Every structure is written in structure tokens, then in C-alpha cells.
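Report on the structure given below.
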Amino acid sequence: DGGKFDAKDAAEEVLVVVVLKVLSVVMMIVYGQGLFEGLKAYRREGDSILLFRPEENALRMRMGAERMCMPSPTADQFVEAVKLTVLANKRWVPPQGKGSLYIRPLLMGSGAVLGLAPAPEYTFLIYVSPVGNYFKEGLAPINLVVENEFHRAAPGGTGGIKTIGNYASVLKAQSAAKAKGYSDVLYLDSVQKRYLEEVSSCNVFVVKGKTISTPAIKGTILPGITRKSIIDVARTQGFQVEERLVAVEELLDADEVFCTGTAVVVSPVGSITYLGKRISYGESGVGAVSQQLYSSLTSLQMGLTEDKMGWTMELK
Ligand code: PMP
């Protein structure tokens, strides 16, 4: 103003900006406008880095943003940001066979709005962390319990997207199951309480002979990228894969059960407890089908086998 500088005014202005920024983030906490993604980068021999289907994560985040009334980066912007972040952190990608770099893109609605309304802006950030192999020495079976009290999602809700609130709501059931010695809970549908949905952070498959069944995507389970990939890999290996309603009683005479997700890739299920009865699978709990699919997918992700599917993206 007239060339004069008033330190007090300037400080107040800075304070207003800071308060608005804080409020921007608070908005997302109050109204739940938050989405995230998870994917991994593997180091390949020869020192290049492989991403696994990052465009699928981009599309899933955009689908989630649409449901949550949030603006979002384009799929190209998303993939470019992931690539740049991984290359800038290349030294943190573990040596081949020792793990991977976990990549977590996060989208938050932001903007200084007080009443209930969609956020006018967004904040997009990515953080990464090196992670070890989920199973240090070969595959280890997990033990699940069918959840009878809580549900993860309801029809018409947000169960089909990777929004923050879904994870907040599963913590209670998951913590109670862990306290009783289970690895995680297996959710049933909330209407008939009879059909399998998914585990807190992975999809579920039931094997019977050469047929592999998995709950169909109908808005209440997350469309996992590993799920989608395993369906294709299993089909190319001669299995019949059915996406349908899978009743909880089918667990009783299944040959094998396994879960899929970015963290676990393919995780064999050693036992499932349903209404107090424990159903065990195989002697070691690691079925041949789970083992075979795990090996196929991990070697593809690490660049150890030829990528006939065109799923890996090489970064140099
Ligand atoms: N279901 C839920 C609820 C999840 O959080 C995840 C992990 N993203 C999955 C399934 C598996 O999805 P993806 O294979 O894409 O990691």
C-alpha cells in the first residue's frame, strides 16, 4: 500500500493463508473426501525399475473421485507423477528379491468450505516406502474368521472404491480378530449375510478342482488389480474362473482358499473359522494352485519371466 510495508498486516495475511490451508485439509477429514491407492515398484536385474499396471490404479482413483464428487488428476498425470516419484527415489527400491518400493498416492478434497458440499479443489500427493517381501521364507498361510457382527460395505455405499472411511470402519472388527489370534476377517454381504465379500485389504478366491470362484464386483467390494490379474493368469493356465455370488457354505468343501492384493500378491488361507467351527485347508495350508499363481504373478512383476500380458512398465 503506497510502497509501505506493515509487518503486522503481512503477518496477519500469512496467518490467514495458513489457517485457510489447515482448513483445506480439515475439510477432507470432516466430510471424508479422501482416496488412496497402493502399488509397487520392483527392481529388475540390469537396474531398471518395473511398475505393475499403474494405469489401473489411475483409473480406479478416478472412478473413486467420481463417486466422491472430487476433482482428480487425469490418468496420464497420475502415472507421470508415480513415475517421477519412483525415479526420484530410485535408491530406495530394494535389490531384486529383497522386496519392493510401496507407492501410496493420496487424493484429498480441499478448499475453505464450511457447509456440507463437495470440495472445490484437491490436494494430490504420493509417498513411498521400501517394504520387504510379505512372506519372508516362502508362502505362509493366513487364518481368517468370518465376521458376523460388522459389515464392510452396504449396497449403494462406497465399498467399491478406495476411500479412507472404508478403512476406518474395518479397524474394530480387524483388531478384535487379531486379538483372538486370527490374521484378519472375512466379510459377508450385509443383506443376506450369506455371500462372501472380501478381507479388510484383499480379495478372496475359492478353489474346487479346476474351478476358481471369486465374488463378483457389484459395488460392495474393491475391484482389486491383483484380483483382475490373477483371473487372467488363471484362465491362461487352464482354470475355469467364475465371478459370481459365492456362498459361505462353499468354504466347507473347497480344496483351497486364497486372497489377492498388492501387499500379499497371492496369500494362501490355512483356515477359516465360521460360527465357531474351524475349516482347515491342506496339511501345510499352502495349496498347489495358490503356490502356482503366486509364483506366476511374482515372477512377472519382478521381470523374471516374459511379460506376455504387457502389464509391466519399465522405468530407467
Ligand atoms: N480389497 C480391499 C479392501 C483393499 O484395500 C485392497 C488393497 N488395495 C484389495 C482388495 C486388493 O486390491 P489390489 O489388488 O488392487 O491391491
Problem set entry | Residue pairs meeting the criteria (Cβ under 7 Å; at least 6 apart or on separate chains; first farther than 14 Å from Ala65 by Cα, in the stretch 152-178; second away from the ligand (no atom under 13 Å from the Cβ) and not in a loop (DSSP other than H, G, I, E, B)) | Ala177/Val145
Exercise. Checking Glu149 against (1) farther than 22 Å from Val248 by Cα; (2) away from the ligand (no atom under 15 Å from the Cβ), which test does it fail?
Worked result: (1)
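Hey, any hits in the stretch 180-197 for a residue that's β-branched (Val, Ile, Thr), within 16 Å of Val257 (Cβ to Cβ), assigned by TED's automatic domain parsing to the domain that holds Gly285 and within 13 Å of the ligand (Cβ to nearest atom)? Step through it out loud before you land on a result.
Step one: filter the stretch 180-197 for residues β-branched (Val, Ile, Thr), giving 185, 191.
Okay, now just the ones that are also within 16 Å of Val257 (Cβ to Cβ), so 185.
From what is left, the residues that are assigned by TED's automatic domain parsing to the domain that holds Gly285 are 185.
Checking which are within 13 Å of the ligand (Cβ to nearest atom) leaves us with 185.
Yes.
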For this session: Select from the stretch 202-219 the residues that are in contact with a strand residue (DSSP E or B) (Cβ under 6 Å, 6 or more places away or on another chain) and farther than 22 Å from Ala288 by Cβ and write down the one among them that is nearest to the ligand (Cβ to nearest atom).
Result: Pro215
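Mind listing whichever residues of the stretch 144-162 are closer than 21 Å to Ala176 by Cβ and either surrounded by 22 or more Cβ atoms within 10 Å (Cβ to Cβ) or of a type outside the set (Gly, Ala, Ser) (or both)? Steps first, answer last, please.
Here is the first cut: in the stretch 144-162, the residues closer than 21 Å to Ala176 by Cβ are 144-154, 159.
Of everything in the stretch 144-162, those that are closer than 21 Å to Ala176 by Cβ and either surrounded by 22 or more Cβ atoms within 10 Å (Cβ to Cβ) or of a type outside the set (Gly, Ala, Ser) (or both) turn out to be Leu144, Val145, Val146, Glu147, Asn148, Glu149, Phe150, His151, Arg152, Ala153, Gly159.
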For this session: Mind telling me which of the residues Gly303, Gly285 ends up being within 20 Å of Cys202 (Cβ to Cβ) and more than 19 Å from the chain's Cα centre (by Cα)?
Result: Gly285
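Please determine whether any residue of the stretch 135-143 is surrounded by fewer than 19 Cβ atoms within 10 Å (Cβ to Cβ) and assigned to a strand (DSSP E or B).
Applying the first criterion (surrounded by fewer than 19 Cβ atoms within 10 Å (Cβ to Cβ)) to the stretch 135-143 yields 135-138, 140, 143.
Adding the requirement that they be assigned to a strand (DSSP E or B) leaves 143.
The answer is yes; a qualifying residue exists.
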Exercise. Which is crowded, with 19+ Cβ neighbours inside 10 Å and either assigned by TED's automatic domain parsing to the domain that holds Tyr182 or among the aliphatic types (A, V, I, L, M) (or both), of Leu275, Leu293, Leu304?
Worked result: Leu293
Exercise. Looking at Ser72, Ser100, Ser110, which is the one that is of a type in the set (S, T, N, Q), over 30 Å from Val191 (Cα atoms), in contact with a helix residue (DSSP H, G or I) (Cβ under 9 Å, 6 or more places away or on another chain) and within 16 Å of the ligand (Cβ to nearest atom)?
Worked result: Ser100
Seminar exercise, completed: Among (1) aliphatic (A, V, I, L, M); (2) modelled with pLDDT under 95; (3) assigned to a strand (DSSP E or B); (4) within 16 Å of the ligand (Cβ to nearest atom), Ala168 falls short only on (3)
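The values are calculated or read from the model by the stated rules, or taken from the named source; none is laboratory data. Just so we're clear, the structure is a prediction, and the values are computed from it rather than from any experiment. Glycine gets a Cβ as well: all are built from the backbone with ideal geometry, and neighbour counts include every protein chain shown.
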